[in-house]
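To start, the structure under review is shown below, and the notes come after it.
The values are calculated or read from the model by the stated rules, or taken from the named source; none is laboratory data. Just so we're clear, the structure is a prediction, and the values are computed from it rather than from any experiment. All Cβ positions, even for glycine, are placed from backbone atoms using ideal geometry, and neighbour counts span all protein chains on display.
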Amino acid sequence: LNEQIARLNSAIEAAAQRTDNQLVKQLGAIAGIGPVTVASLLAYLPELGQLNRRQIAALAGLAPYNNDSGQHSGKRCIKGGRASIRRVL
C-alpha cells in the first residue's frame, strides 16, 4: 500500500510539472502546501495566475459576502464557488 501511495504521489507531481512548471514552483514555495494541494489547485482552478486574489477567492468560494439590507448589517459568510477546491484547501 505504501508503495502504491508513493507511485501515485510521484505521478501527481509529474503531471503538475507538465502543466505549468513555474506556477508549481511558486505554489510549492508556500509553507503548508504540498504536491497534492498544488496539483489540486492546478486542476480545479485553471484561472490561477490570470485573475487577482479577490477574484480567485470568490471563484474558490472563500471570499466573505455580506448579508446587508438598508440599516441591517448581517453576518459575513463564505458561500458559493467551487466546493471541490474548498475541500482541498
Among the listed residues G81, G28, G61, G49, which satisfies the condition of being in contact with a Lys or Arg (Cβ under 6 Å, 6 or more places away or on another chain), at pLDDT below 90 and surrounded by 13 or more Cβ atoms within 10 Å (Cβ to Cβ)? G61
So Y44 fits all but one of (1) touching a Leu at 6+ places or on another chain (Cβ under 7 Å); (2) under 18 Å from V88 (Cα atoms); (3) of a type in the set (S, T, Y); what number is the exception? (1)
Only one residue in G49, G34 is within 16 Å of the chain's Cα centre (by Cα) and at positive phi. Which one? G49
Condition test on A43, is it surrounded by 15 or more Cβ atoms within 10 Å (Cβ to Cβ), free of Cβ contacts under 8 Å to residues at least 12 places away in the same chain and under 22 Å from S84 (Cβ atoms)? yes
Considering residues that are under 18 Å from I85 (Cα atoms) and of a type outside the set (D, E, K, R), the number found within region 10-25 is 6
